[in-house]
Every structure is written in structure tokens, then in C-alpha cells.
Amino acid sequence: MFDVLIIGGGVSGMSCALVLGSANKKAFVTDKKIGIFTHQKNSSLQEAIFYNAYGITPGKLGSELLTESTQDLAASYPHIDQIANEKVIRIEGSFPSFTVVTNKNSYQTKNIVIGIGSANTFDIEGLMQYVEPHKKALPEKQRIQLKNEDHKVADGIYVIGTLAGWRSQLAIAAGSGAAVATDILTLWNNGTQTHSHDSIR
């Protein structure tokens, strides 16, 4: 049983995983099982190049970031399970017991974070009732989002990045993933507000 499964290995999903991973020394996190589906084939980063992203060398390709991010996550936080080459097709159950079904396996988890793109080809069974037109995208692009309040779709289900209704800017997507990670850390800390900072002190 996972405590949280993150669906999507793009900017928002990786940001969420990195923040959760960095909290591994906190007493209320040490026993938590975290996983991320790193399926990246359809990520918008595949065609991106960056000149306006904080901390990223101008001219960096998004495809390079995708490769490097999974490597960095594995090196820094090997306790996070990376599930590659599987596509989520269905979600069953309710909080705190979900079943996430992929094209190859099924997984049990208490919480789910969805961080895949906002294309109208979204087709995860069990979440379709939450789909609505994207509020910050041009209508002709036919983008969608999941209905949510401050990233929360329903108990135990969170959405991040463009699928949460945010614009497709790297910094915005990263912040969205980090925000949900801190919400989950707060949940694990019995509702006491918390976050995870790296520090040289």
C-alpha cells in the first residue's frame, strides 16, 4: 500500500516528488511509501526549450530535463519508487483506499496526485466526472482541467500543473506540484502546517 502515488513524470509531478522526498528525515514521513508514474511520452516538455526558467541554463531542452529529472530523483531520493513505462487507465475506490490500474499492473494507495497534461484526450476512468473546460486556456485549444479547490479534487485526490487549471509555464507547474506536496506533508503531520526546506545550516 502506497501512502501517495503521483501520476505523471513532468514538471509538476517531479516537483511534488522532490519535495516529498526531501522530507524523508521528518518523523512523520519516515514510514511513508511514495511512488511516481514516470510515463513521459506525451509530456509537453518533449518539444520545449527554456530561456525564461529560473535556475535553468538558457537553451536547455525540455527532453533533457525529463531524462535528468528521473535520474536526479533516483540519486537523491531512492526510497521513492519510480514506475516507468506504465500508463494509468483507471482509478477505483475512495479515500483512504484507492486502486490505481495501469496497462500492466494495479496498485493500492491512500492518496493520488494527478500531474499529467491538460489535453482533451484525458481518459482516466474514475476521474472523468471531474473534467471541465480549462479556465485559463484559449477556447480553440480545447484544453481541460479537473474541478478542484486549491488543487483538491476530492478526499485523497489532488491535481497539479495545467490539469489543475494553471497556465503552462514551467515555474507555475513546479510551484503547483510543490504546493500539493506540502499539503500532503501537512496531512501526514496530523494537520499541523509543515513544509520541507533544504538548508546549509
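The values are calculated or read from the model by the stated rules, or taken from the named source; none is laboratory data. Just so it is clear, the model here is predicted, and its values are computed rather than measured. Every residue, glycine among them, receives a Cβ derived from its backbone with ideal geometry; neighbour counts consider all protein chains shown. Side chains are part of the model used for accessible areas, which takes the heavy atoms of the whole protein and leaves out ligands, DNA and RNA. Shrake-Rupley method; radii C 1.70, N 1.55, O 1.52, S 1.80 Å.
If you plug each phi of region 161-169 into the Karplus form 6.51 cos²θ - 1.76 cosθ + 1.60 with θ = phi - 60°, what whole-Hz ³J(HN,Hα) values come out, in order, with x for Gly and Pro?
Karplus-based 3J(HN,Hα) across region 161-169 equals x, 5, 5, 8, x, 8, 6, 8, 10 Hz.
In nm, give the distance between the simple-model label positions of Asp81 and Lys136, each being 7 Å from the Cα along the Cα-to-Cβ direction.
3.3 nm
Give me, ordered by chain and number, the residues 5 or more places off Arg143 or on other chains with an amide H under 5 Å from its own placed amide H.
The answer is His134.
In the chain, carbon and sulfur make up what percent of the accessible area (probe 1.4 Å)?
The C+S portion of the solvent-accessible surface of the chain is 49 percent.
Only loop residues by DSSP count here, and only those with at most 12 other Cβ atoms within 10 Å; note down the chymotrypsin sites (Phe, Trp or Tyr not before Pro) in region 1-52 that meet that.
In loop regions of region 1-52 (DSSP not H, G, I, E or B), the sparsely surrounded chymotrypsin sites (Phe, Trp or Tyr not before Pro) are Tyr51.
From the square roots a ≥ b ≥ c of the eigenvalues of the alpha-carbon gyration tensor of the chain, which class results: rounded (a/c under 1.5), prolate (a/b over b/c), or oblate?
rounded
What residues have an amide H closer than 5 Å to that of Lys60, excluding those fewer than 5 places away on the same chain, when H is modeled at 1.01 Å from N in the peptide plane?
Here the answer is Phe50, since their amide H atoms fall under 5 Å of that of Lys60.
Within region 18-50, name every residue whose backbone N is under 16 Å away from a label modeled 7 Å from Cα of Ile172 along the Cβ vector.
44-45
Taking 2.2 N^0.38 Å as the expected size of a compact globular protein, what ratio does the Cα radius of gyration of region 13-99 give against it, to two decimals?
Against the empirical 2.2 N^0.38 Å value, I get 1.26 for region 13-99.
Can you give me the distance in nm between label points at Lys104 and Glu125, each placed 7 Å from the Cα along the Cα-to-Cβ direction?
Placing both labels 7 Å along Cα→Cβ, they lie 2.0 nm apart.
Quick one: which residues, 5 or more positions from Phe2 or on another chain, have an amide H under 5 Å from its amide H? H modelled 1.01 Å from N in the peptide plane, none for Pro or chain starts.
It is Gln108, Thr109, Lys110, by chain and number.
Whole percent per 5 Å bin, from 0 to the bin with the longest distance: what is P(r) over all C-alpha pairs of region 1-52?
4, 18, 24, 19, 15, 9, 7, 4, 0
Have a look at the DSSP beta bridges in region 5-151 and tell me what percent are antiparallel, nearest 5.
60 percent
Tell me, how many Å apart are the Cα centres for region 152-177 and for region 70-91?
The distance from the Cα centre of region 152-177 to that of region 70-91 comes to 18 Å.
Quick one: 3J(HN,Hα) in Hz for region 60-72, Karplus 6.51/-1.76/1.60 with θ = phi - 60°, rounded, Gly and Pro as x.
Running phi through 6.51 cos²θ - 1.76 cosθ + 1.60 with θ = phi - 60° gives 5, 7, x, 4, 5, 4, 4, 5, 5, 5, 5, 5, 5 Hz.
Rolling a 1.4 Å sphere over the protein heavy atoms, what is the accessible area per residue of region 1-139, to the nearest Å²?
For region 1-139, the solvent-accessible area averages 52 Å² per residue.
Multiply the residue gap between Ile56 and Asn24 by 0.36 nm, knock off their C-alpha separation, and tell me the result in nm, one decimal place.
Residue separation times 0.36 nm, minus the Cα-Cα distance, leaves 9.0 nm.
Quick one: length gained pulling Asn189 to Gln71 fully straight, 0.36 nm per residue minus the C-alpha distance?
Additional length available on full extension: 39.6 nm.
Report, in debye and to the nearest 20, how large the dipole of the chain comes out about its Cα centre when Lys and Arg carry +1 and Asp and Glu carry -1 on their Cβ.
Roughly 160 debye for the chain.
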